[in-house]
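First comes the structure, then the notes that go with it.
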Amino acid sequence: FLYEHFEEICDIARAYDVSFSLGDGLRPGSIADANDAAQFAELETLGELTKIAWAKDCQVMIEGPGHVPMHKIRQNMDKQLAVCGEAPFYTLGPLTTDIAPGYDHITSGIGAAMIGWFGTAMLCYVTPKEHLGLPDRNDVKIGVITYKIAAHAADLAKGHPAAKTRDDALSRARFEFRWEDQFNLSLDPETARSFHDQTLPKEAHKLAHFCSMCGPKFCSMRISHDIRAEA
């Protein structure tokens, strides 16, 4: 019904200024299905619907996979751009392996960073509970932070003019042992501060020129400061 009457649906959507998110019901549910004939045939159909929607002056984005191993991700992006007229691509991950239930925010974050680099327009985050259960608030937080990392990594790879500014600022804060600045510039200041304070909890430690990883004698940045001072 929806396919047969899509032009009429576009007329209604246009009247109410509604945008379409064209879903991919044949997206790969495992990496074994990635880039198969059914997936790409559906993508071509979505491309046809995109042209119809645009002709009716409706905005469109295309939903994407799914489960795709790393070496097949670029083909997904390139084909979507080609057959959908470069309409914005909206991807769930993709998950790059199926063997890590409980860690699919990581398996998908890898794919999200890659497809973000290759040109996807929007990322749909995945939580650690994916395939296992309904996420709670903390699962959502972990998923969102993972995808902020993926999106930022993609921006860096694409040479986004402002992306590196924050990295440089945090790196300078790290080299200069400005602990509070390091925490505040991070994507999750609360977690960064908590991890630091587990082993160096005193306020005086926020002024220390070392952390508990290498200690005061073996910190490479502290040694660099000492070498500069003696030069």
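Every read-out reported here was derived from the displayed coordinates using simple, explicitly stated rules and does not represent laboratory data. Computed from a prediction, not measured in an experiment: that's the story for all the values here. Backbone-built Cβ (ideal geometry, glycine too); neighbour counts: all protein chains shown.
How high is the relative contact order of the chain, given as a whole-number percent (alpha carbon pairs under 8 Å, six or more residues apart)?
Computed value for the chain: 12 percent relative contact order.
For the stretch 6-47, which chymotrypsin sites (Phe, Trp or Tyr not before Pro) pass both filters: DSSP loop (anything but H, G, I, E, B) and at most 13 other C-beta atoms within 10 Å?
TYR16
Can you give the direction-averaged projected area of the convex hull of the alpha-carbon atoms in the chain, in nm²?
17.2 nm²
Note down the magnitude of the dipole of the chain about its Cα centre, charges +1 on Lys and Arg C-beta and -1 on Asp and Glu C-beta and zero elsewhere, to the nearest 20 debye. Don't jump to the answer; show the numbers that get you there.
Working: 23 positive and 32 negative charges, 257 e Å.
In total the dipole reaches around 1240 debye.
Hey, what do the phi angles of the stretch 3-11 turn into as Karplus ³J(HN,Hα) couplings, whole Hz, using 6.51/-1.76/1.60 and θ = phi - 60°, x for Gly and Pro?
5, 5, 10, 4, 4, 5, 4, 4, 4
Determine ³J(HN,Hα), in whole Hz, for all residues of the stretch 60-67 in sequence, where each value follows from phi through the Karplus function 6.51 cos²θ - 1.76 cosθ + 1.60 and θ = phi - 60°; x replaces Gly and Pro.
Whole-Hz 3J(HN,Hα) from phi for the stretch 60-67: 9, 10, 10, 7, x, x, x, 10.
Out of the stretch 110-194, which GluC sites (Glu not before Pro) are coil in DSSP terms and have no more than 13 other C-beta atoms within 10 Å?
On the way: sites: GLU130, GLU176, GLU180, GLU190; in loops: GLU130, GLU176.
Those satisfying the criteria are GLU176.
Between ASP24 and residues 5 or more places away or on another chain, which pairs have amide H atoms under 5 Å apart, with H built 1.01 Å from N, and which residues are they?
GLU63
Give the lysines whose C-alpha is closer than 20 Å to that of LYS129, dropping any in the same chain fewer than 8 places away, or say none.
Qualifying lysines at Cα under 20 Å: LYS141, LYS148.
Tell me the Rg and the Dmax, in Å, that the Cα atoms of the stretch 62-176 produce.
15.0, 50
Would you work out which of ALA82, PHE183, PRO65 lies farthest towards the positive end of the dipole of the chain, given +1 charges on the beta-carbon of Lys and Arg and -1 on that of Asp and Glu, about the Cα centre?
So the residue furthest toward the plus end is PHE183.
Rounded to the nearest whole Å³, what is the per residue volume of the convex hull around the Cα atoms of the stretch 177-230?
85 Å³
Would you please state the base-10 log of I(q)/I(0) at q = 0.11, 0.19, 0.20, 0.24 1/Å for the stretch 1-87, with intensities from the Debye formula using one equal scatterer on every alpha carbon?
-0.32, -0.81, -0.88, -1.13
Around HIS67, which amide H atoms from residues at least 5 apart in sequence, or from another chain, sit under 5 Å from its own amide H, with H modelled in the peptide plane?
Residues meeting the criterion, in which the H sits 1.01 Å from N, are SER30, LEU95.
What list do you get for LEU132, LEU156, LEU2 if you sort them by fewest beta carbons within 10 Å?
With the sparsest Cβ surroundings first, the list reads LEU2, LEU132, LEU156.
Applying the Karplus parametrisation 6.51 cos²θ - 1.76 cosθ + 1.60 with θ = phi - 60° to the phi angles of the stretch 200-207, what ³J(HN,Hα) value in whole Hz is obtained for each residue in order, glycine and proline being reported as x?
Along the stretch 200-207, the couplings run 10, x, 6, 4, 4, 5, 6, 9 Hz.
Placing unit charges on C-beta atoms (Lys and Arg positive, Asp and Glu negative, everything else neutral), compute the dipole magnitude of the stretch 1-47 about its Cα centre in debye, rounded to 20.
My answer is approximately 160 debye.
Would you please put 90-99, 117-126, 204-213 in order of how densely packed they are, using the mean number of other Cβ atoms within 10 angstrom per residue and starting with the highest? Intermediate results must be reported in sequence, preceding the final value.
Values: 90-99: 21.4, 117-126: 19.4, 204-213: 13.2.
Going by the mean number of other Cβ atoms within 10 Å, highest first, we get 90-99, 117-126, 204-213.
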